[in-house]
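K.L.:
Structure incoming, see below.
Nothing in this text is a laboratory measurement; each read-out follows from the coordinates by a stated rule. In this text, all values refer to a predicted model and were calculated from it rather than measured experimentally. Positions of Cβ are generated from backbone atoms using ideal geometry, with glycine treated the same way; all protein chains shown enter the neighbour counts.
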Amino acid sequence: MVNPKRTVRVYLQRPGLDAEKRLISSLPRDKLLEHSAEFAAFLESWPVDDESQREIVLPEGSPSALQHVFGIIKAHRGRQGLYINLKDLTIPQKLAVWNACQLLDIRPKDALKAVGNNLAWVISHAKTTPEIMRATYDCTIMFKDSKDKDQSKLWHSMIHQYVWDLIHGKFEEQEEEALIDTYSPYSELAAAIDAKYDELKAKYKVFHANREENHRRRANRRIRRTYERRDAARERVIEEVAAGVRPMSERLREAVLARERVPS
C-alpha cells in the first residue's frame, strides 16, 4: 500500500564551483512515481534507510520548466489524463518544458507525445529567430540522433523550417546575419544546417524546373484549346451558311463553296 505521506524534495544543482543547490519542488512520492519513469527507476534502485523524506539533486534542467512540470504533477487529481499545459508560454519556454518532460520521462507517454506534437507544429509554422534557434539547440541537442522520432523531430523541424525560409528569402539581411551569428559557434548545428541547405536547394531547383515545365505545358494546352474552339466555332458557322440558316459573308464564301463542291 502506498504511503501518501512520503514526499520527495527535488533540488537542482546550481552551475559553478560551489555545491549550492536550489529547491525546485516538494511533492508526494506516489505522484512522482506515477508520472516520472526516470524518478521511479531511480528511487526503486537506490533505496535509503528513511524513505519518508527523499532528497534528489538533479544535475541539469531549467528551474522554471521543472517547476512548471512538477507543479502540474502535484496538482493532478487523476480524474483525467495528465496534460502538460503549454498555454501562454513562448517557444523557448515550451522547449524548456519539453526538455524537462524528456529528462523526467513523463508518463503516460501520451502526455509526453502531446507536448512534442504541439511544439513540432509551432516550430514548423514559426519564423526562426535567434532565441528559437538557441533554445532548440540547448533543449534538443542531446536527442538529435535518437532513434525515437518523437525525441529527434524538434531538432530536425527547426533546421528544416529555418533553411526552407532561408531559401525562399523570408529573412531580412539583419535577421539572417543574427541567425548566422547564433549557429556558427555550434559545429553540429552549423553542419546540420549546411546539409539541409544542400538537400532543399537541390529539391528547390527540381521543383522550379518542374513548375516551369508545367507552366509551359499548361500554356500550350490553353493555346491549343483556343485554336480548337475557334476552328470548331468556324466549322459550325460554315455548316449553318451551307444549310441556309445563316447569311453568306465574304469571309466565309470560299469555305462554303468548297464545302458545296465536295461530292457526297
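K.L.:
Run the quick spin-label model on Lys74 and Lys170: label points 7 Å from Cα toward the beta carbon, then report their separation in nm to one decimal.
P.N.:
In this crude spin-label approximation the distance works out to 3.9 nm.
K.L.:
Residue by residue through segment 78-88, which ³J(HN,Hα) values in whole Hz follow from phi under the Karplus form 6.51 cos²θ - 1.76 cosθ + 1.60 (θ = phi - 60°), with glycine and proline marked x?
P.N.:
x, 6, 10, x, 5, 10, 8, 6, 10, 4, 6
K.L.:
Follow-up. I need the trypsin sites (Lys or Arg not before Pro) found in segment 1-82, filtered to DSSP loop residues with at most 15 other beta carbons within 10 Å of theirs.
P.N.:
Loop-located and lightly packed - Lys5, Arg77, Arg79.
K.L.:
With the crude spin-label approximation of a point 7 Å out along Cα→Cβ, what separation in nm comes out for Lys113 versus Arg9?
P.N.:
Each label point lies 7 Å from its Cα, and together they span 3.8 nm.
K.L.:
What are the residues whose amide H is under 5 Å from the amide H of Ser36, where those residues sit 5 or more places off or on another chain and H is modelled from the backbone?
P.N.:
Amide H to amide H, under 5 Å and 5 or more residues apart or across chains, Ser36 pairs with Arg107.
K.L.:
Of the listed peptides 94-105, 180-191, 56-67, what is their order by residue-averaged count of other C-beta atoms within 10 Å, with the highest listed first?
P.N.:
Highest-to-lowest ranking by the protection proxy: 94-105, 56-67, 180-191.
K.L.:
Helix 250-261 sits at what angle to the longest principal axis of the chain, using alpha carbons and giving 0 to 90 degrees rounded to 10?
P.N.:
Taking the Cα atoms of the chain, the angle to 250-261 is about 70 degrees.
K.L.:
Between segment 110-166 and segment 27-70, how far is it from one alpha carbon centroid to the other, in angstrom?
P.N.:
For segment 110-166 versus segment 27-70, the Cα centre distance is 26 Å.
K.L.:
Another one. For Val57, what residues show an amide H to amide H distance below 5 Å, using hydrogens built from the backbone and excluding near sequence neighbours?
P.N.:
When sequence neighbours closer than 5 places are left aside, the close amide H contacts are Tyr11.
K.L.:
Using θ = phi - 60° and the Karplus curve 6.51 cos²θ - 1.76 cosθ + 1.60, what whole-Hz ³J(HN,Hα) does each residue of segment 155-161 get, with Gly and Pro shown as x?
P.N.:
Karplus-based 3J(HN,Hα) across segment 155-161 equals 4, 6, 5, 5, 5, 4, 5 Hz.
K.L.:
Please find the FRET efficiency linking Asp181 to Thr90, where r is the Cβ-Cβ separation and R0 is fixed at 22 Å, and quote it to the nearest 0.05.
P.N.:
After rounding, the FRET efficiency stands at 0.60.
K.L.:
Summing -39500 (n - 2.57) over the DSSP H runs of n ≥ 4 in the chain and dividing by its residue number, what mean residue ellipticity at 222 nm do you reach, to the nearest 500 deg cm²/dmol? Intermediate values should be presented prior to the final figure.
P.N.:
Numbers: 10 runs with 168 residues, N = 264.
Estimated from H runs of four or more residues: -21500 deg cm²/dmol.
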